[in-house]
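Since the structure comes first, as C-alpha cells, the remarks are kept for the end.
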Amino acid sequence: MKEEPVRQRLLGAATRLFAERGFESTSVQEIVLAAGVTKGAMYHYFSSKDDLLQEIYGRVLRMQMERLTAIADGPESLPERLHKAAADVVETTTANLDDSKIFFRSMHLLAPETQKTVRAERRHYHERFRDLVAEGQRAGTFSDRVPAELVVDYFFGSVHHLGTWYHTDGPLTGAQVGRHFADLLLASLGAGHVGE
C-alpha cells in the first residue's frame, strides 16, 4: 500500500506549488522534486500536469457530490435540506480553498477535452443542487418568481468567488459563512430562516 501515499504527496506538492507560483509557472520537475519522487512515479499516477490540476479539483468535487447526495436524499424537510446543502458547499470550499482557487484561476489552461469533462462533472453537481430548488418551487415551498437555474447560478457565483476574499484567519469560520450564505439563499426563495 505504498502507492497511495506517493499519489497524495504528488497532489500535495502540486497544490502547494500551483498556489504559490501558478499552474503555468510550475514545471513537472519542480513538482516531483517537492514530492520527493521520480518523474516515472508521477507518470504512473498522472499522465500530465493537466491531470494533476484536474484531480486537485476533482477530489473536492467528488467529496462535495457525495455529501450533497446524502443531504438531498436525507429525511429533513426541503428547506432544511437546501439550507444544509448550501452551507455544506461553502464550508467544504473554504476547507479546500487552495484547491478551489487554483482550479478557478487555471481552468482555462486545461486542454479542451479536460475542460469539457470537468465542466460536465461540475454541471452534474449544480443540477442536483438545482433539483432541490425546483422541487421546492413546484411544491410551493419556495417562491418561483426567479427560475431555479438562475437562483443556483447566482448562488454558485458567490461560492466560486470565496477564494478572492475568504481567509481562514478572518473573523468568520467557513461554517459561519456557510450558514450566512444558506440563510441568504433561503431568504431569496421566500423560505425564511431555517434553524440548526
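The values are calculated or read from the model by the stated rules, or taken from the named source; none is laboratory data. What you are looking at is a predicted structure, and each value in this text was computed from that prediction instead of being measured. Virtual Cβ from ideal backbone geometry, glycine too; neighbours counted across all protein chains shown. Surface areas here come from the heavy atoms of the whole protein model, side chains and all, with no ligands, DNA or RNA. Shrake-Rupley method; radii C 1.70, N 1.55, O 1.52, S 1.80 Å.
Does the range 141-151 contain any residue that is open to solvent by less than 90 Å² (accessible area, probe 1.4 Å), without any contact (Cβ under 8 Å) to a residue 60 or more places away in the chain and within 18 Å of residue 92 (Cα to Cα)?
Checked the range 141-151: no residue is open to solvent by less than 90 Å² (accessible area, probe 1.4 Å), without any contact (Cβ under 8 Å) to a residue 60 or more places away in the chain and within 18 Å of residue 92 (Cα to Cα).
Which pairs do you get when a residue that is in contact (Cβ under 8 Å) with a residue 60 or more places away in the chain, found in the range 17-28, comes within reach of a residue that is surrounded by 12 or more Cβ atoms within 10 Å (Cβ to Cβ) and assigned to a loop (DSSP other than H, G, I, E, B), reach meaning Cβ atoms under 8 angstrom, with the pair 6+ apart or on two chains?
18/26
Quick one: would you say residue 140 is modelled with pLDDT of 85 or more, at positive phi and not hydrophobic (A, V, I, L, M, F, W, C)?
On the way: modelled with pLDDT of 85 or more: yes; at positive phi: yes; not hydrophobic (A, V, I, L, M, F, W, C): yes.
So residue 140 fits the description; yes.
If you check every pair at least six apart or on different chains, which have Cβ atoms under 9 Å apart with a residue in the range 123-139 that is under 15 Å from residue 73 (Cβ atoms) first and a residue that is in a helix (DSSP H, G or I) and basic (Lys, Arg) second?
132/81
Can you tell which of 93, 164, 168 is under 22 Å from residue 16 (Cα atoms), among the polar types (S, T, N, Q) and not in a helix (DSSP H, G or I)?
The match here is 168.
Within the range 74-113, take every residue that is aliphatic (A, V, I, L, M), modelled with pLDDT under 95 and closer than 28 Å to residue 189 by Cα and give me the one that is most open to solvent (accessible area, probe 1.4 Å).
If we filter the range 74-113 for residues that are aliphatic (A, V, I, L, M), which is where we start, we get 78, 82, 85-87, 89-90, 95, 97, 102, 107, 109-111.
Then drop every residue that is not modelled with pLDDT under 95, which leaves 95, 97, 102, 107, 109-111.
From what's left, closer than 28 Å to residue 189 by Cα: 95, 97.
On the way: 95: 79, 97: 19 Å².
This residue is 95.
Among the numbered criteria (1) open to solvent by 30 Å² or more (accessible area, probe 1.4 Å); (2) within 17 Å of the chain's Cα centre (by Cα); (3) closer than 24 Å to residue 175 by Cα, which single criterion is violated by residue 116?
(3)
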